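Asks: The structure under discussion is supplied below as structure tokens; questions concerning it will follow.
The values are calculated or read from the model by the stated rules, or taken from the named source; none is laboratory data. Source: prediction; values computed, not measured. Note: ideal-geometry Cβ built from the backbone for every residue, glycine included; neighbour counts use all protein chains shown. Quick note on the areas: whole protein, heavy atoms, side chains included, nothing else; ligands and nucleic acids left out. Shrake-Rupley method; radii C 1.70, N 1.55, O 1.52, S 1.80 Å.
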Amino acid sequence: EGKPNLAGGCQPRSAAMPEAPAATNFVGIDLSVCNIVVSCSTAEEPSAVTVAVNDVSNRATPAAVGFDGRLRLIGDPADAKLTQLPKQVVTVLPALLGSTESMKANYGRFGCQWSCTDDGQVGPVSFGGREDLCLRPVSCVAALLKKLVSFAVGPSAFEAVPADGAPQPFEIALGVPDFWGEAELSSLRACVDILGWKPERVHVLPYSTALATGYAQRWGQKLAEGEARRVVAFVDIGYSQSTISVAAFSPKEGVETPELNIEPLSCATAPALGVHTLCAGLARHIDEKEQAKGREAIGASSKRSARLMVALQKAVKELSMLPDTTVALECFYSDEGDLKVDLSRAVFEDIAQSFFQELVDLTKKALSDAGVAEDAVHSVELVGGGMRIPKVQALLSQLFPDGEAPEAGDAAGASGKAVSKRLRFSLDGASAVGTGAAHYAAGRRVLQSKWDLVSQASSLPDEPALAACRELESWMAGIDGDEVKRLDKCNELEAFVYEVRSWLSGPDRALLKPDVTEPFLDETARWLEDAQYEEQTTLALFEEKFDGLKKHLEEHGGEFYEKRRKEKEEKEKYLDAEAEKERQRRHELGMDADKDDRKMAKSERMKMAMKNKDEGNTVFKAGNLDDAAARYQRALQHLTKFYMLDVSPEEKTEADAVMLSVQLNLAQVFLKLAAQTEKDSGKDKAEAVYQKAKNACDEALKVDAESVKARFRKASAMEKLGDLDGACKEVKAALKTEPENADLLKLKERLDKLQAAQNAKAKKMYGKMFG
């Protein structure tokens, strides 16, 4: 209250100022405390929202920033250093936004191991030669936000977004907890000002708004015939909080573009009720149990506590699928003793009784505030990390028992037991908020956010404080950038040394004049062995050594390089000829629209394949089978192009693993599509789809002839195609690898019965024919 509105270079536009160029990318971010998901779309296809994978091809990014010497690590690289450098890795970053009091409360609640000052700053940490670096939390979050957006728009987009008000080519929507208040929003505004982003292109929306927006876009106008209004409850059980919201959806009258009206009815939140709450309760139970055996206390904010919490997150997931699990951590105690605890689902549910009761009370409050009875709710959409917990599904099934609902097939219990058909999982549990936020960023704003960042005051006290934060961010980014370049050049030199050694071991060794070049190479290698571990070895020194080695080789190995040049030209001519043949073939088949002639680096081609595979997995889980098949096929196109490049054995192994996974997933999609086609249009039309499933399995078996999944799915397709003998052969081959596989044994039993029935029918028919 009363603090100036610091917009930096992003002052509100006056009437005389020209309109800013339209955004080319739309980004939605689920600003979660633990793992953050980024979704995005483009101006060309704003409704085609996908999950943007991070720099290690993961869909979720840890909310962490780490400092390692002169490197500033963000996301997965920071999380990987947490065990090694616990004081240098700042975790749960979004939970640090807000007042100093709330920041310190969350610091204790999440057992943070890094240090914080009395006035709520992060640190001290060591970085870039400074041992006493203290940072405002908003500086850490600003760095995280910039990295997250880069996954969607690419790092180059920031070159045109300095703090002087240059055009911002992207529009962002951040999904945040509904309970956020003035303190958190003012901190977020400070982050935006530090980055020099335009606040009018940064939207902040509550989780409830993001979920309702995503639901409306997911279903379009697909209400049942005659259904004028649909009431939906959204149950979001996240890592750190839970939100229950209720909204009503109705078709828009007289609108050509399918879109639903959204009427928010209520929202109830529990800021400290989430998966973390469950894990913390289990941790206390285990600690008390072990102390009763004479073990030392685990202690809060310790390495042991952090290890246990990670293991318990995994245990909670396992208990959602299995009746029991084991938590086993080696060398856990100070005497290097191990921790091993058996947990059953029944024990877990008993420990978490208060959690489940609070969740039920929260749901009832949301319904009461909405003025809606349980039987008036059409469906309940479950999202978040706790959505698959059987007890959660059971309690919600009791609150919302089966009723009339058109899409009853969408519900599927994680435990295999029946749940109410009104419980739905049509929104992807991990990316639902990010996807809804991306739609909002792209202009789907039937339901407006209750917050406006443009008019929001910043938590920074004045212009000098903002300038200091920007200067510090520039310094840290510069130090990190220089170190990355230095290490990249070191790695490049090392890789070149190994490559030259392979040349000297090859058939063209004589062309390199080994009596002259080998001693020089050995000298460079010995220098590199020591220099690569010394921070005093500058980028210029690595460049000097690298250039010197290349110059020496070119001077004495001219014949070798000339031969390589000719071989490269011949290979490029061959590839161009093959590409032209492929273009001609596709043209003759009418497949011009599907061609992909883009020239990509191997890493980029593989990244695109992984991205399409992950997108296929996401839409497959959401039940969009046709879309999943299309994305898997795009992944296969990228993999085919990848194989055409000059790949190493290691790269081929990586590509084979992805190829196997995609073909197996594609086979599963075709099996489900075929079953759906058979149900809707008859067996004849389904045969072509079952054949596609079989073909995908054949391709998978070319990669891994021992793949049990491929043989199982191929047998399933062949059974439907009427080839019982072929199906039996596939099952028998798979059983040699996994003789106790229950699914295979069940399929074998069914095939045996079908064959017996078929033989009996044939015997009877022949008996009639020949008397």
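Asks: Quick one: which of 148-155, 422-429 comes out on top by average Cβ neighbours within 10 Å, and what's the full order, highest first?
Replies: 422-429, 148-155
Asks: Please give the contour-minus-distance gain from Glu654 to Gln584: 0.36 nm per residue of separation, less the Cα-Cα distance, rounded to one decimal in nm.
Replies: Stretched fully, the Glu654-Gln584 segment lengthens by 22.2 nm.
Asks: Turning to a different aspect of this structure: So how far apart, in nm, are the two label points at Asp725 and Val310 if each is 7 Å from Cα heading toward Cβ?
Replies: 5.5 nm
Asks: Now for a different question. Residues with amide H under 5 Å of Arg422's amide H, sequence separation 5 or more or different chain, H placed in the peptide plane at 1.01 Å from N; which?
Replies: The list, which skips near neighbours in sequence, is Gly403.
Asks: Going through the cross-link list Lys489/Lys551; Lys607/Lys709; Lys672/Lys714; Lys685/Lys748; Lys613/Lys641; Lys87/Lys314, which pairs have a Cα-Cα distance over 19 Å in this structure?
Replies: Beyond 19 Å between Cα atoms: Lys607/Lys709; Lys685/Lys748; Lys87/Lys314.
Asks: Next up: When the solvent-accessible surface of protein heavy atoms is calculated with a 1.4 angstrom probe, in what order do Glu171, Glu555 fall, highest first?
Replies: Most to least solvent-accessible, the answer reads Glu555, Glu171.
Asks: What residue among Ala306, Val149, Ile389 has its Cα farthest toward the positive end of the dipole of the chain, where the charges are +1 on Lys, Arg and -1 on Asp, Glu, each on the Cβ?
Replies: Looking along the dipole axis, the top candidate is Ile389.
Asks: Sticking with this one: At a 10 angstrom cut-off on C-beta neighbours, averaged per residue, how do the peptides 201-209, 573-581 rank from highest to lowest? Could the numbers behind the result be given before it?
Replies: Numbers: 201-209: 25.8, 573-581: 10.9.
For the peptides 201-209, 573-581, the packing ranking is 201-209, 573-581.
Asks: Right, next: Any idea which of Ala465, Ser431, Thr538 is furthest toward the positive side of the dipole for the chain, if Lys and Arg beta-carbons carry +1 and Asp and Glu beta-carbons -1?
Replies: Ser431
Asks: For Thr213, Thr653, what's the largest-to-smallest order of accessible area, 1.4 Å probe?
Replies: The most accessible residue leads, giving Thr653, Thr213.
Asks: Further question on the same structure: Can you give me the Cα centroid spacing of region 26-74 and region 607-665 in angstrom?
Replies: Result: 20 Å between the Cα centres.
Asks: While we're looking at this one, here's another question. Ignoring ligands, DNA and RNA, what percent of the accessible area of region 613-719 is carbon or sulfur (1.4 Å)?
Replies: Its accessible area is 48 percent carbon and sulfur atoms.
Asks: Run the dipole for region 639-771 about the Cα centre, Lys and Arg Cβ at +1, Asp and Glu Cβ at -1, nothing else charged, and hand back the magnitude in debye, nearest 20.
Replies: 1000 debye
Asks: Calculate the FRET efficiency for Ser354 and Lys621 from the Cβ-Cβ distance with a Förster distance of 30 Å, rounded to the nearest 0.05.
Replies: After rounding to 0.05, the efficiency reads 0.45.
Asks: Follow-up. Can you give the charge dipole size of the chain about its Cα centre, rounded to the nearest 20 debye, using +1 on the beta carbon of Lys and Arg and -1 on the beta carbon of Asp and Glu? Spell out each step's value before the answer.
Replies: Details: 101 positive and 121 negative charges, 598 e Å.
I would put it at about 2880 debye.
Asks: With a probe of 1.4 Å, find how much accessible area the chain has per residue, and write the answer as a whole number in Å².
Replies: It amounts to 49 Å² per residue over the chain.
Asks: Please report the Cα spread of region 524-571 along all three principal axes, rounded to whole Å, starting with the longest.
Replies: On the principal axes, region 524-571 reaches 43, 21, 17 Å in Cα extent.
Asks: I'd like the FRET efficiency for Lys104 and Leu541, computed as 1/(1 + (r/R0)^6) with the beta carbon distance as r and R0 of 60 Å, rounded to 0.05.
Replies: Numbers: r = 45 Å, r/R0 = 0.75.
With R0 = 60 Å, the Cβ-Cβ based efficiency is 0.85.
Asks: Kirkwood Rh over alpha-carbon pairs of the chain, then Stokes-Einstein at 37 °C and 0.692 mPa s: what D in µm² s⁻¹, rounded to an integer?
Replies: 110 µm²/s
Asks: State the extension gain, in nm to one decimal, for the chain segment bounded by Ser250 and Ala300, taking 0.36 nm per residue of separation less the distance between their alpha-carbons.
Replies: Here the segment from Ser250 to Ala300 would lengthen by 13.1 nm.
Asks: Quick one: 3J(HN,Hα) in Hz for region 617-623, Karplus 6.51/-1.76/1.60 with θ = phi - 60°, rounded, Gly and Pro as x.
Replies: Those phi angles translate into 4, 5, 6, 5, 4, 7, x Hz.
Asks: Something else now. So if R0 is 60 Å, what FRET efficiency would Glu554 and Ala705 give, r being the distance between their Cβ atoms, rounded to the nearest 0.05?
Replies: Approximately 0.85, to the nearest 0.05.
Asks: Tell me the GluC sites (Glu not before Pro) within region 316-394 that lie in a loop according to DSSP and have at most 12 other beta-carbon atoms within 10 Å.
Replies: Working: sites: Glu318, Glu330, Glu336, Glu349, Glu358, Glu374, Glu381; in loops: Glu330, Glu336.
In loop regions of region 316-394 (DSSP not H, G, I, E or B), the sparsely surrounded GluC sites (Glu not before Pro) are Glu330, Glu336.
Asks: Roughly how many percent of the accessible protein surface of region 287-362 is carbon and sulfur, given a 1.4 Å probe and a whole-percent answer?
Replies: Working: 2100 of 4310 Å².
C and S fraction of accessible area: 49 percent.
Asks: So, one more: How far, in nm, would the chain grow between Glu45 and Arg509 when pulled straight, counting 0.36 nm per residue and subtracting the alpha carbon separation?
Replies: Length difference between fully extended and current span is 161.7 nm.
Asks: Now a separate question. Would you calculate the separation in nanometres between label points at Glu604 and Ala328, each defined as 7 Å from the Cα along the Cα-to-beta-carbon direction?
Replies: So the two model labels end up 4.6 nm from each other.
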